[in-house]
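**Student:** Questions regarding the structure given below will be posed in turn.
The values are calculated or read from the model by the stated rules, or taken from the named source; none is laboratory data. Computed from a predicted model, the values in this text were never measured in an experiment. Cβ atoms come from the backbone with ideal geometry, glycine included; neighbour counts cover every protein chain shown.
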Amino acid sequence: MRFSRHRSTRLLGRLCFYAYCSLSYIFLLSPIVVVIATSLNGPSSTSEASFKFPPENLSLHWYWNIPSAQLEALGLSFGLALVSAIFACLLGVPAALGLVRSNLPGKALIAAVFRAPLQIPSIVTGIALLQLFYVIGDATGFYWQGTLLGLAIGHIFVATPFVVGTVTAILQRFDRRLEEAAVIHGATPWRALRRVTIPVIMPGVYAGALYAFMVSFGDVPIAIFLTAPGFVTYPVEIFYALENDFDPSLMASATLVIFICLLALLVVQKAVGLDALLKSGGTGSTR
Amino acid sequence: MKKNKAMTFGILVAAATIGLTTANLNTAMAGQFDGVTLRVATWGGSWKENMEELIVPKFEAEGGKIEFVTGSPQANFAKLVAARGNAPFDVMEILDAQVADMMELGYLRELDFGLIPNTSNIADFQKSENMVGSWDSQEVICYHVDKFEELGIPRPTTYKDLVRPELAGKISFPDINSGGGLANFGGVVHAAGGDETNVQPGLDLINDMQILKFWSRGGETLAQFQSGDIIASVGNAGWCLRTKKAGVNVTSVHPVIKEGVVGVAKVGWLGVMKSSEVPEAAHWFINEYLSEEFQVLFATKSGLVPINKKAIETIKEDPIAAEMLVLDAEEIAKEQRIDYSKVTISDWTDQWNRSVAQ
Amino acid sequence: MYVRWWLLLIPPFVISFTLVAASQFVFLESSFFKDLGLGRIGDEFVLDNYVQFVTDSFFLRALWVTIKTSGLAALFTLILGFPVAYMIARMRSQWAMILLAGIVISTFITIVIKVYGLIVIFSANGMFNQALLGSGLASRPFSIFGNTSGVVIGLMHFTLGFGVLLLYSIVQTIPKSLEDAAQIHGAKRWRVYYRVIFPLALPGITAMLLMVFNMCMGAFTSAALLGGGRVFTLPVLIQRTVMMDIKYSLGATIAAVLLVSVIAINILSIFLVRRMRAAHLVMV
């Protein structure tokens, strides 16, 4: 008797817990649902461009009318996010290895420098880099703003700390003896690093890369300063388009982004497993 | 067999070469602007799409390419200053409020009106040494006809009519940083009895209006008319026109400012940068911008008043545009114009910020 | 092992340091010169801009609003995000992946677009307000425009995804066996949370809170779009000062104040957490 009451309260507790968790999802996903639904509301006889929810006149009309500038911007944003993620890893992984394994005296200070980009407000980063690029340009004749290089520098700058963070987290829990054992068994330190350490930190690298990708893909405050004609990232293009426009084709292109991301996540899930990708914690030995 | 292949290959190469040379010849003969890239600083979205529809194909037919630097004129002006005049564009849209700053910095080239024949159809006051007018815009009160009837309140004729308890929290007003911000603010200031150097009466009137939102993107105003959040909005007639086309029963009224002054005007200008390496193409672009065809398209799609006299006549035939816009030259002359030479814009913004901040 | 690990630090450190130091120097330097308008600055070293900032209640209020909205957004990200992260981390089925994907996807959609969804949801006769008024919880519709709650909601759309992912990896580091052990010994569930999970997750939670807080302090889109032109946070003021008023030294001054307050708050909270943990250890 007593036992079953215990069970029923636990069940109730569980249900409350799940209900609470679903609040977060409702909060996060409801605007997206509205955006997707709106994109499907075609023009009618009484209204040309309309923002109706739920949609009254289902059609794919706005999908055929996505301005090419938005598609180009989308392509640029994906490429840029990819480049940023890759370079963030190339900088972040050695930094994390160096930070965890060396015992330099000023290590805490060095770590603070790597964390700094997360503490500098993005908008400050944007203007400051623009000014720096002008100084460099005036001195060398080569201006970096409005180039892939300039934008990528901005995004790598803010993305690297994420990789440093996730990889450091894994390395701190990693059992050094594994690597030492490999060396004792005749492996060179380089080989030990490649065969033992790298596979172990890979989940952290993937996680950091995902963060880096997300940061770059969603950024407005940095890119708004560093973009140039014919070279605009997707969020900035949207930010400016809405200044003088209202057209549900914006909702259509946003929906497109949602589906491309879903597809990309599916690929990631098939290739490495999304959980492995985010398991920068745990035992660190996934797959 | 082997020989055959080699021959096919040879023929292909020859064909390709001929194709390429003829293609080259074709463009070389037709194109006035071969290989020219013209960079135009203008608003994004449908504003830019209007140009992509009419002007870009013509320029491409001449062998050139147009790139757009999108952003508000203020944002593009900031880019220009940041680049110390080394503009990342050749032609730019300038708002009347910016004219003084623009002249002070001296980044604009003297215009060659011989290259802009369409200027013969525009009024003299819209031409200056470094700039030429591009459009007029009319700043209005846009309101939901049915909702006003439901609430039983009279149709507004002045800004003061928006001060009503029934309208509290149901009005939007342009943010001072939006394209029409300064013009509308100036209009309210004059209507409230202030002037360019004394804006306090205007700020008080704006606070009395109990505004839901100061908008900087017109699209939000449209969405909020549709969602029912607002039933009146101050701003460009173009947004009222677009809201109506989106199926909301709104209409515009040109507010009475004072005796003999009705409506608020905002004027757009175009200029060519000194740093431009393709001034001929820039002049060509301005000429196209002023063409009757483009001015008509702009008026019907974006709700602007053309400055090309021929275009004004055509636009009178469009029912929605005719309802929203004042097209009679005499009426246009009655509009309130802000004298920006007396305005220190950063002071206006500063006072505004302090007044509207929560 | 005879590997000079510190050698690995050199290239990333040089690059990061140069970028941080050079860019900040070039920009912040101008805050010490008089603003002459239109992007021009004087050549005499003065502290006028800083004096103007600290003596003007408008700027001080903006600083407070920035800290308040960022702090609230970070706190609510924890409150809404932790249970979700915990649920996913402890889930064994395929659902966990779908739920994680939902979080990631939502982060990919820029707030610039989401605003339109928010307008519909929170409009006076939208679903949120109908539920709110219908349930009798409020007598007036709730608007997210032109007030700080709207800005916090906007910021959370930007941070909740990151927060959940970070918290997820933190919960992963807490062995489930610890919780089970505590429960076998008769501890109630909430006590397990309070006594076992929370202390173990505390360093991670602090790190997450600070990261989210820092992200909010630098974000201007939410405040620009949802603040309805009424909520002035420092990033909004920086954007307006630099892009609209074209006053570089004043903009740089506001940026410098923002930067210093962010760093100060970070140092202070890390210090406080250390003190808290030390005190906790003594008590146990």
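**Student:** Might you check whether a residue that is among the acidic types (Asp, Glu) and surrounded by 14 or more Cβ atoms within 10 Å (Cβ to Cβ) occurs anywhere in the range C:45-56? Full working, then the answer.
**Tutor:** Start the filter on the range C:45-56 by keeping residues that are among the acidic types (Asp, Glu), which leaves C:48, C:56.
Within this subset, residues satisfying the condition of being surrounded by 14 or more Cβ atoms within 10 Å (Cβ to Cβ) are C:48.
Yes, the range C:45-56 contains at least one residue that is among the acidic types (Asp, Glu) and surrounded by 14 or more Cβ atoms within 10 Å (Cβ to Cβ).
**Student:** Going through C:196, C:192, C:171 one at a time, which residue ends up being in a helix (DSSP H, G or I), in contact with a Phe, Trp or Tyr (Cβ under 8 Å, 6 or more places away or on another chain) and either under 17 Å from residue C:85 (Cα atoms) or touching a residue at least 24 places away in the same chain (Cβ under 8 Å) (or both)?
**Tutor:** Checking each option against the conditions leaves just C:171.
To keep it simple, each residue is scored yes or no on (1) at pLDDT below 85; (2) closer than 17 Å to residue A:120 by Cα.
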| site | (1), (2) |
| --- | --- |
| A:147 | yes, no |
| A:152 | no, no |
| A:158 | no, yes |
| A:170 | yes, no |
| A:176 | yes, no |
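**Student:** Condition (residue is at the interface with another protein chain (Cβ under 7 Å from one of its Cβ atoms), closer than 30 Å to residue A:240 by Cα and of a type in the set (A, V, I, L, M)) applied to the range C:134-151: is it met by at least one residue?
**Tutor:** no
Let's see how each residue does on (1) buried (at least 20 other Cβ atoms within 10 Å of the Cβ); (2) modelled with pLDDT under 55:
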residue: B:8; (1), (2): no, yes
residue: B:15; (1), (2): no, yes
residue: B:24; (1), (2): no, yes
residue: B:34; (1), (2): no, no
residue: B:87; (1), (2): yes, no
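**Student:** Continuing with this model, one more query. Could you figure out which of (1) more than 8 Å from chain A (Cβ to nearest Cβ); (2) not in a loop (DSSP other than H, G, I, E, B) isn't true of residue C:124?
**Tutor:** Going through the list (1) more than 8 Å from chain A (Cβ to nearest Cβ); (2) not in a loop (DSSP other than H, G, I, E, B), residue C:124 breaks only (2).
**Student:** Quick check on residue A:104: is it at the interface with another protein chain (Cβ under 9 Å from one of its Cβ atoms), surrounded by fewer than 21 Cβ atoms within 10 Å (Cβ to Cβ) and of a type in the set (A, V, I, L, M)?
**Tutor:** yes
**Student:** Also, I was wondering about something else. Select from the range C:25-53 the residues that are among the hydroxyl-bearing types (Ser, Thr, Tyr) and within 13 Å of another protein chain (Cβ to nearest Cβ) and list them in ascending order.
**Tutor:** C:30, C:31
**Student:** Could you tell me whether residue B:237 is crowded, with 24+ Cβ neighbours inside 10 Å, of a type in the set (A, V, I, L, M) and at pLDDT 90 or above?
**Tutor:** Yes.
**Student:** Sticking with this structure for a sec: For the range C:121-146, what are the residues that are surrounded by 23 or more Cβ atoms within 10 Å (Cβ to Cβ) and without any contact (Cβ under 8 Å) to a residue 12 or more places away in the chain?
**Tutor:** Once the filter is applied, which keeps residues that are surrounded by 23 or more Cβ atoms within 10 Å (Cβ to Cβ) and without any contact (Cβ under 8 Å) to a residue 12 or more places away in the chain, the range C:121-146 yields only C:123.
**Student:** Of the residues in the range C:17-34, how many are over 17 Å from residue A:124 (Cβ atoms) and of a type in the set (D, E, K, R)?
**Tutor:** The qualifying residues number 1.
**Student:** Within the range C:74-95, take every residue that is among the hydrophobic types (A, V, I, L, M, F, W, C) and facing another protein chain (nearest Cβ under 7 Å) and give me the one that is surrounded by the most Cβ atoms within 10 Å (Cβ to Cβ). Quick ask: steps written out before the conclusion?
**Tutor:** Here is the first cut: in the range C:74-95, the ones among the hydrophobic types (A, V, I, L, M, F, W, C) are C:74-76, C:78-80, C:82, C:84-85, C:87-89, C:91, C:95.
Checking which are facing another protein chain (nearest Cβ under 7 Å) leaves us with C:80, C:84, C:87.
Working: C:80: 20, C:84: 25, C:87: 21.
So, considering only residues that are among the hydrophobic types (A, V, I, L, M, F, W, C) and facing another protein chain (nearest Cβ under 7 Å), the one surrounded by the most Cβ atoms within 10 Å (Cβ to Cβ) is C:84.
**Student:** Would you confirm whether or not the range B:189-207 contains a residue that is more than 14 Å from chain C (Cβ to nearest Cβ), in a strand (DSSP E or B) and either charged (D, E, K, R) or in contact (Cβ under 8 Å) with a residue 60 or more places away in the chain (or both)?
**Tutor:** yes
**Student:** Further question: Enumerate the helices (runs of 4 or more DSSP H) found wholly within the range B:39-121, keeping only those where 1 or more residues are under 19 Å from residue A:243 (Cα atoms).
**Tutor:** Passing ranges, in order: B:46-61, B:73-82.
**Student:** Search the range B:234-249 for residues that are part of a helix (DSSP H, G or I) and pair each with any residue that is among the aromatic types (Phe, Trp, Tyr) and surrounded by 24 or more Cβ atoms within 10 Å (Cβ to Cβ) when their beta-carbon atoms are under 6 Å apart and the residues are at least 6 apart or on different chains.
**Tutor:** Filtered contacts from the range B:234-249: B:243/B:225.
**Student:** Quick one: which helices (runs of 4 or more DSSP H) lie wholly within the range A:144-253 and hold at least 1 residues that are in contact with a helix residue (DSSP H, G or I) (Cβ under 8 Å, 6 or more places away or on another chain), within 21 Å of residue C:159 (Cα to Cα) and not acidic (Asp, Glu)?
**Tutor:** Output list reads A:148-173, A:198-218, A:223-226, A:234-241.
**Student:** Restricting attention to the range B:136-153, which residues are under 19 Å from residue B:218 (Cβ atoms) and aliphatic (A, V, I, L, M)?
**Tutor:** Listed by number, the residues that qualify are B:140, B:141.
**Student:** Another question, if that's okay. If we scan the range B:209-225, do we find a residue that is in a loop (DSSP other than H, G, I, E, B) and within 9 Å of chain C (Cβ to nearest Cβ)?
**Tutor:** yes
Listed here are the residues, each with its yes/no results for (1) within 28 Å of residue B:221 (Cα to Cα); (2) touching a Lys or Arg at 6+ places or on another chain (Cβ under 8 Å); (3) away from chain B (no Cβ under 12 Å).
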site: A:11; (1), (2), (3): no, no, yes
site: A:15; (1), (2), (3): no, no, yes
site: A:27; (1), (2), (3): yes, no, yes
site: A:41; (1), (2), (3): yes, yes, no
site: A:55; (1), (2), (3): yes, no, yes
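**Student:** Oh, and also: Select from the range A:52-103 the residues that are without any contact (Cβ under 8 Å) to a residue 24 or more places away in the chain, under 19 Å from residue A:201 (Cα atoms) and assigned to a helix (DSSP H, G or I) and list them in ascending order.
**Tutor:** If the condition is that a residue be without any contact (Cβ under 8 Å) to a residue 24 or more places away in the chain, under 19 Å from residue A:201 (Cα atoms) and assigned to a helix (DSSP H, G or I), then A:90, A:94, A:98 are the ones that fit.
**Student:** Is there a residue being within 14 Å of chain B (Cβ to nearest Cβ) and aromatic (Phe, Trp, Tyr) anywhere in the range C:241-248?
**Tutor:** Among the residues of the range C:241-248, at least one is within 14 Å of chain B (Cβ to nearest Cβ) and aromatic (Phe, Trp, Tyr), which makes the answer yes.
**Student:** Let me ask another. Those residues that are under 16 Å from residue B:181 (Cα atoms) and either within 7 Å of another protein chain (Cβ to nearest Cβ) or not aliphatic (A, V, I, L, M) (or both), I need them from the range C:216-240; list them, please.
**Tutor:** Selection gives C:228, C:229, C:230, C:240.
**Student:** Test residue A:101 against the stated conditions and say whether it is of a type in the set (D, E, K, R) and in contact with a helix residue (DSSP H, G or I) (Cβ under 6 Å, 6 or more places away or on another chain).
**Tutor:** So residue A:101 does not fit the description; no.
**Student:** Additional query: Taking only pairs six or more apart or across chains, which ones have beta-carbon atoms under 6 Å, a first residue in the range A:121-136 that is in contact (Cβ under 8 Å) with a residue 12 or more places away in the chain and closer than 19 Å to residue B:88 by Cβ, and a second residue that is of a type outside the set (Phe, Trp, Tyr) and assigned to a loop (DSSP other than H, G, I, E, B)?
**Tutor:** Close Cβ pairs satisfying both conditions: A:126/A:221; A:126/A:222; A:130/A:145; A:133/A:145.
**Student:** Given the criterion more than 13 Å from chain A (Cβ to nearest Cβ), modelled with pLDDT of 90 or more and outside any helix (DSSP H, G or I), identify the matching residue among B:136, B:146.
**Tutor:** B:136
**Student:** Would it be correct to say that residue B:116 is of a type outside the set (D, E, K, R) and modelled with pLDDT under 95?
**Tutor:** So residue B:116 does not fit the description; no.
**Student:** Hey, another quick one. Can you tell me which residue in the range A:226-252 is surrounded by the fewest Cβ atoms within 10 Å (Cβ to Cβ), limited to those that are away from chain B (no Cβ under 12 Å) and closer than 16 Å to residue A:35 by Cα?
**Tutor:** The extreme case among them is A:252.
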